[in-house]
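Notes to accompany the following structure.
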Protein chains: 2
Amino acid sequence: MSESHRWRVKPGSKVDLSDIDTRDPAGAPGDKDATVAASAALMDRLRVLQERLYAEDRRSVLVVLQAMDAGGKDGTVKHVFTGVNPAGVSVSSFKAPSHKELAHDFLWRVHLRVPERGQIGVFNRSHYEDVLVVRVDGLAPESVWRPRYEAIADFERNLAREGTTIVKFFLHISKEEQAERLQARLDDPEKHWKFNPADLEARDQWDDYQDAYAEAIERTSTDDAPWFVVPADRKWYRNWVVSTVLVETLERLDPRFPDPPEGLDGFTIE
Amino acid sequence: MSESHRWRVKPGSKVDLSDIDTRDPAGAPGDKDATVAASAALMDRLRVLQERLYAEDRRSVLVVLQAMDAGGKDGTVKHVFTGVNPAGVSVSSFKAPSHKELAHDFLWRVHLRVPERGQIGVFNRSHYEDVLVVRVDGLAPESVWRPRYEAIADFERNLAREGTTIVKFFLHISKEEQAERLQARLDDPEKHWKFNPADLEARDQWDDYQDAYAEAIERTSTDDAPWFVVPADRKWYRNWVVSTVLVETLERLDPRFPDPPEGLDGFTIE
């Protein structure tokens, strides 16, 4: 049976993030150790499925990761995708857009990075920033950002039609958990480099961001490109959820090794 | 002590590929099992070094892989880089150039794919095809491809100056080993998809390719961007050699976690 439905936002349903417990390990196969072991098995499976997707060379998968700062986007990429052949995975991190990118429509730079056939593309942040930070910081008026929900849904539907399966994860952490993680970045010399003073400003806008996320998720969770809201305070649970959804998604795609070229049966290389 | 010198082509030296034994496991830490274990330890080390390179965000590493068909380029990517965080690795496979790419100089499409700061870029085939297949198949006259040795050396020197460390591997297999591997692709349903009838034509031009490789390596092995000729008939030895050279290269770069931002000592997140 599919586990994914547990975190999937049904198209058209209302999203209240304050109602979703960020620490609840619902459905986990056991305690932390058991769940980590289950995740390792899922990652092995992901490696095999990705190899077939690559060999098949007909379809692609796009994984979108969004979260508040310190929400675990980098950690998810590292834990879920290390172990998959990097020839079949492309990770794109979207930072503040460049001058040239801003000279285009907001989907332009994103479209350039969608995965080729046979590939899993991972977006660490994405076009959703254009209805998140842009809305919360007032970088564009509502008359500009509001129509983007529709633009995004159209864009994703058309990618899906052309063979890209899209899954989108919101890594949902509590404000308390964020404080702990940002503090750890300050206190640990090996994590200092991840600390960005601008994260404190975004933290002050916590409620506005939660509202912006809720509306974005509500308006763009479609059958073509569903959102999954992942309780992400516990990293081991978060990794297991993302791995579970990815493996179930790829199992449904069921990529196959292609048929052999014709006329080569019994052929001997000399 | 550095092991890498064993396979490194000294700038200005003569290259005779027929003189390099494709099966010789020189310098291996032991038999197959011992060497595989040593490679696993090197890959762990590579993961740690790559994380620091990424955190440091000042320099990049470009790995060029070239070989005859079935020489092990894909296998090397899979074995050496699976296990490294894919957020810090970008693999680029260069196939026959598109119409648009051919409308530019031969380095254009390659330049677009060089790694960003903090990244390891892996080229599965590369700009070297423009002095290999182009030469052997006569896709351009000698007056066009011969000056490219100099163009390549200039290009690589300038990348090096800007902070990209370049290492280039020629995976050297015997004609007999290629026959076995191509045959395996024909006979194994899970490998069929890798078989390309065009590989047989290139196989007929074996000696011409060996000559083209030898001259390319001779003319472009520089201190900035050395070539390593890897005896590659034994996959376990090949993986160990490539891992060894990469780890030694990154150890020499010695990437460090950056210093903390100033004025945040003792700061508490609220």
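Here are a few things to note about the model shown:
- Filtering segment B:182-211 to residues that are at pLDDT 95 or above and within 20 Å of the chain's Cα centre (by Cα) leaves B:Tyr209, B:Gln210, B:Asp211.
- Elements of type helices (runs of 4 or more DSSP H) in segment B:130-238, at least 2 residues being within 14 Å of chain A (Cβ to nearest Cβ) and of a type in the set (Asp, Glu): B:175-187, B:198-204
- Qualifying residue in segment A:224-238 (condition: free of Cβ contacts under 8 Å to residues at least 40 places away in the same chain and of a type outside the set (Val, Ile, Thr)): no
- Odd one out for B:Asp254 among (1) loosely packed, with under 14 Cβ neighbours inside 10 Å; (2) in contact with a strand residue (DSSP E or B) (Cβ under 6 Å, 6 or more places away or on another chain): (2)
- Filtered by the rule that a residue be open to solvent by 40 Å² or more (accessible area, probe 1.4 Å) and more than 12 Å from chain B (Cβ to nearest Cβ), segment A:115-124 gives a lone residue, A:Arg117.
- When segment A:17-46 is filtered for residues that are open to solvent by 40 Å² or more (accessible area, probe 1.4 Å) and part of a loop (DSSP other than H, G, I, E, B), the ones remaining, listed by number, are A:Ile20, A:Asp21, A:Arg23, A:Asp24, A:Pro25, A:Pro29, A:Asp31.
- Per-region count, segment B:188-198, residues among the charged types (D, E, K, R) and buried (at least 16 other Cβ atoms within 10 Å of the Cβ): 2
- Here is the figure for segment A:154-186: residues that are over 19 Å from A:Asp211 (Cα atoms), surrounded by 15 or more Cβ atoms within 10 Å (Cβ to Cβ) and of a type in the set (Gly, Ala, Ser) total 2.
- Check on A:Leu49, open to solvent by less than 50 Å² (accessible area, probe 1.4 Å) and closer than 25 Å to B:Pro189 by Cβ: yes
- Enumeration of residues in segment B:101-114 that are without any contact (Cβ under 8 Å) to a residue 12 or more places away in the chain and within 14 Å of chain A (Cβ to nearest Cβ): B:Leu112
- For segment B:71-94, the set of residues classified as within 11 Å of chain A (Cβ to nearest Cβ), open to solvent by 10 Å² or more (accessible area, probe 1.4 Å) and either within 12 Å of the chain's Cα centre (by Cα) or farther than 26 Å from B:Ala160 by Cβ (or both) consists of B:Lys73, B:Asp74, B:Gly75, B:Lys78, B:His79, B:Thr82, B:Gly83, B:Val91, B:Ser93, listed by residue number.
The values are calculated or read from the model by the stated rules, or taken from the named source; none is laboratory data. Keep in mind that this is a model prediction, so the values were computed, not measured. FYI the Cβ positions are ideal-geometry reconstructions off the backbone, even for glycines, and counts take in every protein chain you see. These accessible areas exclude ligands, DNA and RNA; they are computed on the full protein's heavy atoms, side chains included. Shrake-Rupley method; radii C 1.70, N 1.55, O 1.52, S 1.80 Å.
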